[in-house]
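We did not get these values from a lab; they are worked out from the coordinates using the rules stated. A quick note: this is a predicted structure, and the numbers were derived from the prediction, not measured. Methodologically, a virtual Cβ is constructed for each residue, glycine included, from the backbone with ideal geometry; neighbour enumeration extends over all protein chains shown.
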Amino acid sequence: MLLGKHGYSKGNLPTDMIIGVCKHENCLKVNENNGMQAILQSLSGNDYFLGDYKPEGYAWEVKDMQLLDDFIPAKGKHGSWEPG
């Protein structure tokens, strides 16, 4: 399993924490026509396996991902949000 390859299991996965940062480059709407094919062609590695690419959903394109040395406690929310 993917989590196990990185030393995590369901029991020790960090929750309610900011574990990394990235730069948001683009937000792509998944369409039933060629839009879906275009998004899937640009995926690599585990991105396809971990994503939810249902029609009418969205796929975020990010870059410069960095895991933080010290995780930051935070109550999670759905979607994009600013820590406060």
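A few notes on this one:
- For SER80, net neighbour charge (Lys/Arg +1, Asp/Glu -1) across residues whose Cβ lies under 14 Å away: -1
- Listed by chain and number, the lysines whose C-alpha is less than 25 Å from the C-alpha of LYS77, apart from same-chain residues fewer than 8 away, are LYS10, LYS23, LYS29, LYS54, LYS63.
- Nonlocal amide H pairs with ASN31, under 5 Å, H built at 1.01 Å: MET36, GLU56
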